[in-house]
Amino acid sequence: MNELHVASSARTELIDVTERVREAVSGCAGTLVTVFVPHTTAGVVVQAAGPGATAVAGDVAAALERVVDEDAPWEHVHEGDRNPWAHVRAALTASSVGIPLVDGELLLGEHQAIYLAEFDGPRGRTLLVTVT
Amino acid sequence: MNELHVASSARTELIDVTERVREAVSGCAGTLVTVFVPHTTAGVVVQAAGPGATAVAGDVAAALERVVDEDAPWEHVHEGDRNPWAHVRAALTASSVGIPLVDGELLLGEHQAIYLAEFDGPRGRTLLVTVT
Amino acid sequence: MNELHVASSARTELIDVTERVREAVSGCAGTLVTVFVPHTTAGVVVQAAGPGATAVAGDVAAALERVVDEDAPWEHVHEGDRNPWAHVRAALTASSVGIPLVDGELLLGEHQAIYLAEFDGPRGRTLLVTVT
């Protein structure tokens with residue numbers, strides 16, 4: 001198991017971690033890579049790579065802010081917490097993703113990248129990468 | 001493979017199953033725990049543990065009810081089914097999650113718990129827990 | 001690892017791939033099947049099988065179109081891309097799902113089917129099926 005450390009710099013953003021995951025598993029024996037996010041206000045998303053990827057990542061982050069409206073009767077706010085919407089946005093993405101590993105190489109689609117989806121930054125985050 | 005049985009008591013709710021999963025995999029050989037939900041109107045969500053967790057779980061459940069509006073032109077209702085929105089809410093969460101297992105112990109983040117997300121309760125539910 | 005090829009015929013639709021996955025893994029040694037979608041405008045969803053399944057699949061597809069409104073200030077459109085909403089809909093479903101394999105048989109729930117969720121069709125799609 002590998003731990004990757006990532007620092008987010010905005011409240012809501014997608015951070016490309018593809019090369020970090022690729023290096024962590026390169027040459028490993030096994031056929032499946034699982035990326036797990038040990039946080040409850042962040043998720044993992046497989047989205048666009050290459051030209052246009054930054055715009056897509058921004059669109060996905062902004063759309064999740066629109067889908068989960070902050071102006072709602074949150075229970076958690078009444079308890080003094082400021083980020084219930086971040087928990088919901090994380091629940092709508094994923095806490096883990098499983099990606100094939102073939103001959104020690106991560107098998108993403110040609111246009112895919114792996115992103116940490118930050119919903120309550122900026123802060124330090126961790127990703128746990130397991131090969132089975 | 002372990003089967004866990006859970007009874008929900010509300011129409012929409014998140015039920016903490018962390019200790020049940022932890023016990024099911026404790027001491028197992030392997031490096032990955034996969035929790036799968038064999039239902040189409042329920043999902044699995046990794047969310048907050050500890051103080052405030054009940055409020056967060058309620059906020060996530062309530063937010064999913066808001067995001068998927070029941071007042072829409074559902075095909076399924078025309079066929080006599082009463083719960084198309086429950087299927088959509090389940091599709092927006094996840095049917096499975098993969099969590100690292102290290103030295104026979106489930107490696108959740110410090111503030112994480114595993115929840116069955118019920119969208120069409122109350123009823124009996126099953127979770128399938130696999131270690132690889 | 002098995003590659004399955006699927007052709008979608010609509011812009012947004014859920015395509016039942018259960019039998020294809022079942023055949024691909026039938027008799028395999030291992031305890032977990034992971035279905036991964038190597039695309040960024042398509043996802044994988046476990047949803048209803050049997051009577052009513054087509055209506056549910058249509059409802060899930062239509063609901064995702066409603067949840068992610070196309071009439072929004074997309075960055076990606078400004079760059080000439082026509083489908084930022086398809087990326088967001090894919091991010092709200094899942095890029096992978098892990099399902100138990102018991103004695104060489106896929107262990108879905110009685111009322112479950114596996115769907116490719118197409119959000120930018122029609123086009124040819126691939127699914128990667130891994131057994132661990």
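Every read-out reported here was derived from the displayed coordinates using simple, explicitly stated rules and does not represent laboratory data. Not measured: the values here are computed from a predicted model. Methodologically, a virtual Cβ is constructed for each residue, glycine included, from the backbone with ideal geometry; neighbour enumeration extends over all protein chains shown.
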Requiring at least 1 residues that are touching a Pro at 6+ places or on another chain (Cβ under 8 Å), the strands (runs of 3 or more DSSP E) wholly within the stretch B:1-85 are B:2-7, B:32-36
What about C:ARG66, is it facing chain B (nearest Cβ under 9 Å) and either surrounded by 23 or more Cβ atoms within 10 Å (Cβ to Cβ) or not β-branched (Val, Ile, Thr) (or both)? yes
Sort through B:VAL97, B:VAL129, B:VAL102 and tell me the only one that's closer than 23 Å to C:THR132 by Cβ, among the hydrophobic types (A, V, I, L, M, F, W, C), surrounded by fewer than 20 Cβ atoms within 10 Å (Cβ to Cβ) and in contact (Cβ under 8 Å) with a residue 40 or more places away in the chain. B:VAL102
When the stretch C:114-132 is examined, which residues are found to be of a type outside the set (A, V, I, L, M, F, W, C), under 20 Å from A:LEU32 (Cβ atoms), within 14 Å of chain B (Cβ to nearest Cβ) and outside any loop (DSSP other than H, G, I, E, B)? C:THR130
List the residue pairs whose Cβ atoms are under 7 Å apart, where the first residue sits in the stretch A:36-59 and is more than 14 Å from chain B (Cβ to nearest Cβ), the second is surrounded by 23 or more Cβ atoms within 10 Å (Cβ to Cβ) and β-branched (Val, Ile, Thr), and the two are 6 or more positions apart or on different chains. A:GLN47/A:VAL56; A:GLN47/A:VAL60; A:GLN47/C:THR40; A:ALA48/A:VAL56; A:ALA48/C:THR40; A:ASP59/C:VAL88
When you go through A:HIS76, A:HIS87 one by one, which is the residue that is within 7 Å of another protein chain (Cβ to nearest Cβ) and free of Cβ contacts under 8 Å to residues at least 24 places away in the same chain? A:HIS76
